[in-house]
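Data first, discussion second: the structure below is written as C-alpha cells.
Throughout, read-outs are computed from the coordinates displayed, never taken from laboratory work. None of these values were measured; they are calculated from a predicted model. Positions of Cβ are backbone-derived with ideal geometry, glycine not excepted, and every protein chain shown enters the neighbour counts.
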Amino acid sequence: MFEAVIGLEIHLALRTGSKMFCGCAAESLGLLPNVNTCPVCLGLPGSLPVVNREAIEKALRFSLALNCQVPEVTQFHRKHYYYPDAPKNYQISQFDRPVGEHGFVELEAGRRIGVTRCHVEEDAGRSVHPPYAPYSLVDLNRAGAPLIEMVTEPDLRTPEEAREFLVKIRAIAQALDVSDASPEAGKMRADVNVSIRLPGEALGTKVEVKNLNSFKSVQNALAFEIKRQTDLLESGRSVLQETRGWNEGGQRTYSMRSKEETADYRYFPDPDLPPMRVAEKWLETVRAATPELPDAKRERYRELGLRAFDAGLIAFDVELATFFDRAVRVYEGEAQLLANWLNGDVAGHLNANDLALSRSKLSPENLASLLTLVDEGAISGKTAKDVLPLVIDGGDPKTIVEERGLKQITDLGAIEALVDAVIAANPAVVERVKENPKVINVLLGQVMKESRGKAKPDAVRELLNEKLG
Amino acid sequence: MMTAVEIGRQVASGRVRAQEIVRAALERAELTQVELNAFITIAHESALEQAEKIDERLAAGEDVGPLAGVPIVVKDNICTEGLRSTAASESLASFVPPYSATVVERLEQAGAVVVAKANLDEFGMGSSNENSAFGAVKNPWDTSRVPGGSSGGSAVAVATGVVPIALGTDTGGSVRQPGSFTGVIGFKPTYGRLSRYGVIAYASSLDQVGVLCRSAEDLALSMDVMAGHDPKDATSLAGVAPAFAKAVTGASDLTGVRVGLIEELTGEGNSAGVMAALELTCERLVQLGAELQQVSVPTARDGIPAYYLVAMAEASSNLARYDGMVYSSRTGEDRLGQADVMMKSRGSSLGPEVRRRILMGTYALSAGYYDAYYGKALKVRRLIAHEIERAFEEVDLLLTPTVPSVAYPLGEKVDDPLAMYLGDIDTCLANLVGIAAISVPAGFTAERLPCGVQFMAPALQDERLVGVTALLERHVGEKFAPLAPL
C-alpha cells in the first residue's frame, strides 16, 4: 500500500497599512486599475524601495508562532523573471536569510509538521486578458503588496491532514492579525507537492499542483493526485515530474508543464536594501505584542468547561473566538451552553441566511442576555429559539420578551387553576390516564395551549402527577 | 564667471536678477552645444519660469536660499520632475519623470535652477561619453578628444563656464575621470552621503551622486545643501552630515597631514604627463606642510575585474525593466508573444555597450557561475576594503593619479572595451570600498590638456577632501581650474 508524501507552499497576503516597499495602500480591493500605485511600486527609473517595518514585524510574529528560528540578520534578494505584471522584471523576495526557518506546527493528533521557512516578498501585479482581444492589460494595484511565503517539509501524509494544516495556518494568521487568510478573497493561496512511495522507501517523483483556491480544492486535488499516481505505479508506469493545474469543474488535475529545466532566477542580494539586524530587543517587543494563539485559546476554552469539539471550533475561528470571549465575559451560566447556541442555532440561522457573524447585528451581550432569561426561567428554551432571529437582527431579548408577553407563568396558583380547569373539562382523558400514564401528556399539552405556552412545563407536569397519580 | 557662492549672494542682495543669470547660462549652453554636444535637453522654459519665481520671492522679501538663482546642470540619469530624463538611452528617450531626485529637490529648494540636462554614456556605462544615443560629447580643450565619462556633459558644462556646479554620478570614476579630462574638480562622496532616490540605477551598490565644479567653496556649498539622510533611500547614511563649508574656511595648512601614494598605482602604466601632474601636486603638498610616503594596497590592480563584475551583475538586474512594456517604443509586436516583444524591444532600444554589460552581468549571476564570478568579486571587494582600511592606519589621505592618461582622441578606444575599462583602475577603488574620493586639477600637460590627481579619504571623512582641495586652490590661485576656451 502506497503512502503519500505531501508538502505545501502557502502564500499569505500580509495585512498592513502600506505596501512592502512604498507608501501605497496594501489593500486595493474595488479600485480602478492602476490607481493604487506610485513610482516605487511601478518600478519607475530612479525609484528605490524602503522596507515596511510593520510587514517585517508581522512576519516575525507569524514566524515565532510557527516555532521558527529567527536569524540575527534578515535580507532581501532579487528574483529575476520577465513578465509584464512584474514592473521591474524582478521580484524583491528573500533567499538564504528569510525571517524564519526550521519551525513546526503540531496537528490535532500530536504530529509535528516541519516548517522549512517563512519569508517576506512583494506581490506582482495582475494581467488581464479580455476575451477575444489581441492584447492583454496589466493592473499594478497589487504590485508591491506584502506577502508571506511559507514552505513546509514533506511531512504531511493525507489530504485530510493537509486540510487540517491549512485550517490551522489560517487560524494562526487570523488570530495574530497577520493576514485575513481568506482563500476566497485571494489572501491565501496554496500550491502542493505530492508524491507517493511504499512506506520506508525513498521519496517518489513529486508533482506540483497549482491553482488551488480553496482548502476543499487542496484536499480534492491531493486525493485525485494520489489516486492518479497510485494507478500509474500499480499499472507499471511511472510518475512524471511536472507541474499540474487543478480543474475545479472537472475535479481533476491536468498537466501544465514538465520540469525538464528549472528556471534560473539569478538571485542576488538586493543592493538597495541593506541587511536588517533583528535585535533580541525587537523580538521581545514583537513577542509582547503577540495575541493569544489558537492552541492556547482552545486550552483556555477547555478549562472553561467546553467540550473538545466546540473548544476547537471556536478557537480556530478568529471571528467566533472574539465573539465568544465577549459573551462569556458577561454570561454567568455554563460556557458550554453558550457554545451550544453559538455552534448550533446561531450558526444554523446565519448559514441559512448566508450571513457572517461579524456582518450580523447579533451582539455577544444580547446572546448572553437571551440565555440568561432561559436560565432564570423567565422564558423556555423553546421561546428562546423562537425569538433568536429577532435577536440576531439586533433586538434586545428582554424588550422582545416583555413586549410580546412571552414571559413564563411561574405563579403556581395561576398554573394550578389552569390545571384544574383542564382536568374538569376532559373527564374522558382523565379516565384513560389511569390505564396509560403517558396519556397525561395530552393534558399537559392542553394546559400549555391554554397558557399560550407561558406556563412552566415542569410545574404543570408536577401538578398533574400530583392530582391524577 | 562668478562662483555659485557669489551668484547666490548677488542675487539675494538684489544686485543681479536670477533671470539675467539664468538667461546668460541658457545662452552659453546653446553656444557650446553645437560644437560640444554636452546637453540632451536645454530647459529654456522651465528654467526661466523658475528664475522669475525666485526674483518674485526675493522682491517679496523671502529668503530663497544660499543658491538663489544659481544655474546648475544635472546629468540626464538623474530624474527631474516634468523634464525628460533619458539616461542617454533610446529606451528612455521620452521618459518624463513625475518626480525629482532628492538631490535635485534639495538644490532647487536652496534656490538653484536647472538649466540643462547633461549628456552622458548611456546609463552611465562608459568612460568617454561616446556611448550616448544622443551623440558623443567633445572635450572643450581639444574637440578631437573625449571629455571623459560617463559624466562628460556635466564636466564640459562646468569647464566651459555654462554653470558653476553640475551634478554627475560616479559608479567607477564617472565624475572624477571627466573632471580630470576637462580640468575641473570632480567629487564622489562616501557611499550613502547623497541620496540615490531618483538616480536611474546602473550599479546600485557603487552608484553615488557627485559634484563637478571649479571651486572648493562651491563644492562645499552644494554638499551642505544636498547631504543629510533621506528616508526614501535605505542606503542613505543616517546621522549628521559633515559641515563642508567649515572645512573650507577652517583649512589653514597640511602640517602633520600624512599623504600616502599608493605604490601599485603610481608607477608603470601612467603616461608621462600624468606622472608630471602627480609630481607637481606632491611638491605643492610638501609646500603646504604635508608628509608624503608610499603605502601598499597589494590588491589594488584587481579592482578592475572585481568592479566590472559587480557593476555588470547589478546592471543586468537594474536594467531588466527596460523591456518595451512601459518606456521605450515597442518592437516585434507581431503576435509572437510577450517574450519576443521584450527581447526585440530590448535589442533595439539599448545601445551595444549596455547590451554587452547586461549579457556579461547576466552570465555572472547565472546558476553555477555565481560563486566563480559575482561571489569571487565580492571577496576581492572585501579584501581591497580591508587593505585600504589598513593603509589609512598609516596615512590620513591616499593619493593616486585620477586616470593613467589624459583625454584621448575620439574613437580611439571605441572598439577596445577592455582598454577603456582599464582607465578606471585608479577610480574604481573608492566605489568598491564606498569611501569618498576627489579629482583635483593638477595643471596641464605639454599638449595643453588638463590633468587631475585623486585623493581618497578614510570612511565618512568627506570633508577632509574638500579641505585639501581648498588649500591647493588657494595655493595655486587663478590658474587652479581655468575656463576652457570657447
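For this structure, a couple of remarks:
- Based on Cα contacts under 8 Å between residues 6+ apart, the stretch B:112-198 shows a relative contact order of 23 percent.
- A protection proxy built from the mean count of other Cβ atoms within 10 Å ranks the segments A:188-198, B:371-381, A:63-73, most packed first, as A:188-198, A:63-73, B:371-381.
- Per-residue shielding of B:85-92, expressed as the average number of other chain Cβ atoms within 10 Å of the residue Cβ, stands at 1.
- B:LEU483 paired with A:ALA202, simple spin-label distance in nm, labels 7 Å along Cα-to-beta-carbon: 8.0
- Over the stretch B:429-469, Cα pairs under 8 Å with separation of 6+ residues give a relative contact order of 39 percent.
- Euclidean distance of C-alpha centroids, the stretch A:310-385 and the stretch B:251-317, integer Å: 79
- Peptide B:316-324, shielding by other chains (average Cβ, 10 Å cutoff): 6
- Projected onto planes of every orientation and averaged, the convex hull of the alpha-carbon atoms in the protein assembly as shown covers 54.2 nm².
- Among the trypsin sites (Lys or Arg not before Pro) within the stretch A:317-405, not one is in coil by DSSP while having at most 10 neighbouring Cβ atoms inside 10 Å.
- Whole-angstrom gap from the stretch A:26-80 to the stretch B:200-246, using each part's C-alpha centre: 28
- The 3J(HN,Hα) values that the Karplus relation (6.51, -1.76, 1.60; θ = phi - 60°) gives for the stretch A:342-347 are, in residue order, 4, 7, x, 4, 5, 4 Hz. Gly and Pro appear as x.
- Relative contact order computed over chain B (Cα-Cα under 8 Å; 6+ residues apart), in percent: 18
- Size of electric dipole in the protein assembly as shown: Cβ of Lys, Arg +1 and of Asp, Glu -1, about Cα centre, debye, nearest 20: 1360
- Residue by residue along B:367-376, Cβ atoms of other protein chains within 10 Å of the local Cβ number 2 on average.
- Net +/- balance of residues flanking A:LEU350 in space, Cβ distance below 13 Å, scoring K and R +1, D and E -1: -3
- Estimated from helical segments only, the mean residue ellipticity of chain A at 222 nm is -11500 deg cm²/dmol, where each DSSP H run of four or more residues counts as -39500 (n - 2.57).
- Annotation: amide H-H contacts under 5 Å for A:ALA181 (H modelled 1.01 Å from N, sequence separation of 5 or more, or interchain): A:ALA13.
- Helix-only mean residue ellipticity at 222 nm for chain B, each DSSP H run of n ≥ 4 adding -39500 (n - 2.57), per residue, nearest 500: -12000 deg cm²/dmol
- Packing rank of A:241-253, A:431-443, where each peptide gets the mean count of other beta carbons within 10 Å, highest leading: A:241-253, A:431-443
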